[in-house]
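I'd like to ask some things about the structure below.
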Amino acid sequence: MISSKRWHRNTRISGRQGQLWIGRRPADTLVKAAAFEARRVAELLRAAGWTVPVTAVITVHDARLLRWGVLTVSGVTLLRASRVYGWILRRPARLDDGQVASPGAAAERLFPPYAPSG
C-alpha cells in the first residue's frame, strides 16, 4: 500500500525516539494512518479469499529524507518517490507470477484508480 506525500523541499523528515518527524513536528498520525490503510487492504483482500502480505509505504516528494533516503518507523517505510520502483524490485519475492495474478485482479476490483471528481 503506497501513500504519496509532497512537502516543501526545505522540510526535513527524520525518525527520532521511535517517532516520525516532519520538520519540527511529530507525525504519528501519518504513520498510524498508513499502517491502518495497509491493514484494511489486507482485510479486504482476505475477505475476497486472498491472504497476502501488505506493506505500508509512504513515498516522499521534494522534502529532505535522511538516512540514505529510506526510513522505517513503526513498520511503515518512508522513501523518496524516485526510489520506490527499485525498492519494490529489491524486496524478496513472496509469491510467484501465478500466485500474484488472482489476488492482483481482486485488488484491482476492490481498489479502482482514484479519479478526482469535478
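Among the residues of region 68-83, is any under 25 Å from Pro112 (Cα atoms) and surrounded by fewer than 14 Cβ atoms within 10 Å (Cβ to Cβ)?
Residues of region 68-83 under 25 Å from Pro112 (Cα atoms): 76-83.
Checking the rest, the ones that are also surrounded by fewer than 14 Cβ atoms within 10 Å (Cβ to Cβ) come to 82.
Yes, there is a match, as at least one residue in region 68-83 is under 25 Å from Pro112 (Cα atoms) and surrounded by fewer than 14 Cβ atoms within 10 Å (Cβ to Cβ).
When you go through Val54, Val41, Val60 one by one, which is the residue that is in a helix (DSSP H, G or I), β-branched (Val, Ile, Thr), surrounded by 14 or more Cβ atoms within 10 Å (Cβ to Cβ) and within 17 Å of the chain's Cα centre (by Cα)?
Val41 is the lone residue from the list that is in a helix (DSSP H, G or I), β-branched (Val, Ile, Thr), surrounded by 14 or more Cβ atoms within 10 Å (Cβ to Cβ) and within 17 Å of the chain's Cα centre (by Cα).
Would you please name the residue that is surrounded by the fewest Cβ atoms within 10 Å (Cβ to Cβ), looking only at residues in region 84-118 that are under 24 Å from Ala48 (Cβ atoms) and among the aromatic types (Phe, Trp, Tyr)?
The selected residue is Tyr114.
While we're looking at this one, here's another question. Can we say Ser14 is under 30 Å from Gln99 (Cβ atoms) and part of a strand (DSSP E or B)?
On the way: under 30 Å from Gln99 (Cβ atoms): no; part of a strand (DSSP E or B): yes.
In short, no.
Any idea how many residues of region 1-28 are farther than 15 Å from Thr72 by Cα, among the polar types (S, T, N, Q) and under 14 Å from the mean Cα position of the chain (by Cα)?
1
Being of a type in the set (A, V, I, L, M, F, W, C), modelled with pLDDT of 85 or more and not in a helix (DSSP H, G or I) is the filter; apply it to region 71-113 and report the residue that is farthest from Arg24 (Cα to Cα). Quick ask: steps written out before the conclusion?
Going residue by residue through region 71-113, those that are of a type in the set (A, V, I, L, M, F, W, C) are 71, 73, 76, 78-79, 81, 84, 87-89, 93, 95, 100-101, 105-107, 110-111.
Imposing the further condition that a residue be modelled with pLDDT of 85 or more reduces the set to 71, 73, 76, 78-79, 81, 84, 87-89, 105-107, 110-111.
From the residues that got through so far, the ones that are not in a helix (DSSP H, G or I) too are 71, 73, 76, 78-79, 111.
Numbers: Leu71: 17, Val73: 16, Val76: 19, Leu78: 17, Leu79: 19, Phe111: 34 Å.
By that ranking, first place goes to Phe111.
Could you please give the count of residues in region 19-29 that are assigned to a loop (DSSP other than H, G, I, E, B) and either at pLDDT 90 or above or within 27 Å of Ala42 (Cβ to Cβ) (or both)? Spell out the reasoning first.
Residues of region 19-29 that are assigned to a loop (DSSP other than H, G, I, E, B), as a first pass: 23-24, 27.
Checking the rest, the ones that are also either at pLDDT 90 or above or within 27 Å of Ala42 (Cβ to Cβ) (or both) come to 27.
The number of residues fulfilling the criteria is 1.
Could you please tell me which pairs satisfy a Cβ distance under 6 Å, a separation of 6+ or placement on different chains, a first residue in region 75-97 that is under 14 Å from Ile58 (Cβ atoms) and free of Cβ contacts under 8 Å to residues at least 12 places away in the same chain, and a second residue that is of a type in the set (D, E, K, R) and surrounded by 10 or more Cβ atoms within 10 Å (Cβ to Cβ)?
Here the result reads none, with nothing in region 75-97 linked to a residue that is of a type in the set (D, E, K, R) and surrounded by 10 or more Cβ atoms within 10 Å (Cβ to Cβ).
How many of the residues making up region 29-74 are small (Gly, Ala, Ser), free of Cβ contacts under 8 Å to residues at least 60 places away in the same chain and under 20 Å from Ala107 (Cβ atoms)? Reasoning before the result, please.
Quick first cut of region 29-74, residues small (Gly, Ala, Ser) only: 33-35, 38, 42, 47-49, 56, 63, 69, 74.
Checking which are free of Cβ contacts under 8 Å to residues at least 60 places away in the same chain leaves us with 33-35, 38, 42, 47, 49, 56, 63, 69, 74.
Now narrow it down to the ones that are under 20 Å from Ala107 (Cβ atoms): 33-35, 38, 42, 47, 49, 56.
Adding up the residues that qualify gives 8.
Which condition number does Arg16 fail, the rest of (1) modelled with pLDDT under 90; (2) within 26 Å of Tyr85 (Cβ to Cβ) being met?
(2)
The values are calculated or read from the model by the stated rules, or taken from the named source; none is laboratory data. Bear in mind that the values here come from a model prediction, so they are computed numbers and not experimental data. A quick note on method: Cβ atoms are made from the backbone with ideal geometry, for glycine too, and the neighbour counts reach across all protein chains shown.
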